[in-house]
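Visitor: Okay, here's the structure, questions in a sec.
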Amino acid sequence: MERKTLCLATRNAHKVHEIAAILAPYWDVKCSADFPEVVEEIEETGDTFLANATLKAVATSHAISAYALADDSGLEVDALDGAPGVFSARYGGIPSSAEKNNARLLEELARLGALAPGQRRARFRCVLVLAKAGEVLATFDGACEGTLLLAPQGANGFGYDPLFVPAGFKKTFGQLSEKTKNTLSHRGHALRKFLAWLKLNPPQ
């Protein structure tokens with residue numbers, strides 16, 4: 001497959017690194033910061049991951065000639081009725097940070113008395129939207145089930161990774177290697193669906 005340019009509709013360096021690690025063999029991966037035409041972050045006003053990813057992919061693809069791939073993802077906690085969900089990146093308030101987000105998450109679970117692993121079930125969910133010239137070409141999703149710890153462990157990954165233990169493992173995403181995390185993660189699952197789709201629909 002001929003390598004073409006793919007713009008990741010984000011300026012999140014952690015997210016770019018994680019996605020590029022999987023897609024770089026197939027695409028010339030860039031991000032919004034590499035295109036002066038994309039002047040600012042697209043506001044995420046949708047109430048679902050799909051809505052937000054679509055907003056970002058379509059707006060970015062209108063501004064550039066390359067393909068645009070947008071990711072919207074987050075953590076869904078059963079005890080919190082699916083929160084923080086689409087608010088995962090700013091759950092702890094604005095300006096946002098992983099530390100503030102994790103602290104609020106732990107506070108909310110403690111407030112509910114959710115201390116046992118069975119009370120702390122959660123999943124990471126990801127939706128990807130591919131667009132070109134303002135048109136949505138395809139969407140892909142992925143999820144990773146797991147549980148949350150009572151305190152962060154590990155310095156790898158980003159966001160809620162130090163709290164999240166994927167099902168079947170005893171270490172958090174913050175402790176597992178990047179290769180292992182990419183095999184298990186919500187984003188990894190969605191990206192593999194994207195690559196499978198590309199085999200049947202090579203970029204023109």
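Visitor: How many of the residues making up segment 14-34 are among the hydrophobic types (A, V, I, L, M, F, W, C), part of a helix (DSSP H, G or I) and either touching a residue at least 60 places away in the same chain (Cβ under 8 Å) or touching a Ser or Thr at 6+ places or on another chain (Cβ under 8 Å) (or both)? Step through it out loud before you land on a result.
Guide: Residues of segment 14-34 that are among the hydrophobic types (A, V, I, L, M, F, W, C), as a first pass: 16, 19-24, 27, 29, 31, 33.
Now narrow it down to the ones that are part of a helix (DSSP H, G or I): 16, 19-23, 33.
If we keep only those that are either touching a residue at least 60 places away in the same chain (Cβ under 8 Å) or touching a Ser or Thr at 6+ places or on another chain (Cβ under 8 Å) (or both) as well, we get 16, 19, 21-23.
Residues meeting the conditions: 5.
Visitor: Also: Would you be able to say whether some residue in segment 180-188 is crowded, with 21+ Cβ neighbours inside 10 Å, of a type in the set (S, T, N, Q) and in contact (Cβ under 8 Å) with a residue 12 or more places away in the chain?
Guide: yes
Visitor: Another question about this same structure. Looking only at segment 21-32, which residues are surrounded by 15 or more Cβ atoms within 10 Å (Cβ to Cβ) and closer than 11 Å to C7 by Cα? Break it down into steps so the answer makes sense when it comes.
Guide: Of the residues in segment 21-32, the ones surrounded by 15 or more Cβ atoms within 10 Å (Cβ to Cβ) are 21-23, 26-27, 29-32.
Within segment 21-32, W27, V29, K30, C31, S32 meet the criteria.
Visitor: Being polar (S, T, N, Q) and out of contact with any Cys (no Cβ under 7 Å at 6 or more places or on another chain) is the filter; apply it to segment 171-201 and report the residue that is farthest from A143 (Cα to Cα). So that I can check it myself, show each step before the final result.
Guide: To start, the set of residues in segment 171-201 that are polar (S, T, N, Q) comprises 172, 175, 177, 180, 182-183, 185, 201.
Filter again for out of contact with any Cys (no Cβ under 7 Å at 6 or more places or on another chain), leaving 172, 175, 177, 180, 182-183, 201.
Numbers: T172: 16, Q175: 19, S177: 19, T180: 15, N182: 12, T183: 12, N201: 23 Å.
Across segment 171-201, the extreme among qualifying residues is N201.
Visitor: Would you pick out the residues in segment 148-163 that are surrounded by fewer than 18 Cβ atoms within 10 Å (Cβ to Cβ) and either polar (S, T, N, Q) or in contact with a Gly (Cβ under 9 Å, 6 or more places away or on another chain) (or both)? I'd like the intermediate steps shown before the answer.
Guide: Initial filter on segment 148-163 (surrounded by fewer than 18 Cβ atoms within 10 Å (Cβ to Cβ)): 149-151, 153-156, 158.
Of everything in segment 148-163, those that are surrounded by fewer than 18 Cβ atoms within 10 Å (Cβ to Cβ) and either polar (S, T, N, Q) or in contact with a Gly (Cβ under 9 Å, 6 or more places away or on another chain) (or both) turn out to be Q153, G154, A155, N156, F158.
Visitor: Based on this model, can you work out whether A103 counts as of a type in the set (A, V, I, L, M), under 20 Å from A13 (Cα atoms) and modelled with pLDDT of 95 or more?
Guide: no
Visitor: Among the numbered criteria (1) closer than 24 Å to K193 by Cβ; (2) touching a Gly at 6+ places or on another chain (Cβ under 7 Å), which one does A103 miss?
Guide: (1) is the only condition that A103 fails.
Visitor: When you look at S88, is it within 30 Å of K199 (Cα to Cα), of a type in the set (S, T, Y) and in contact (Cβ under 8 Å) with a residue 12 or more places away in the chain, yes or no? Walk me through how you get there before you give the answer.
Guide: Numbers: within 30 Å of K199 (Cα to Cα): no; of a type in the set (S, T, Y): yes; in contact (Cβ under 8 Å) with a residue 12 or more places away in the chain: yes.
Against the criterion (within 30 Å of K199 (Cα to Cα), of a type in the set (S, T, Y) and in contact (Cβ under 8 Å) with a residue 12 or more places away in the chain), S88 does not qualify.
Visitor: Also, quick follow-up: All but one of (1) assigned to a helix (DSSP H, G or I); (2) over 19 Å from E135 (Cα atoms); (3) in contact (Cβ under 8 Å) with a residue 24 or more places away in the chain hold for D47, so report the exception by its number.
Guide: Unmet condition: (1).
The values are calculated or read from the model by the stated rules, or taken from the named source; none is laboratory data. Remember, it's a predicted structure, so these values are computed and weren't measured experimentally. Cβ: placed from backbone, ideal geometry, glycine included. Neighbour counts: every protein chain shown.
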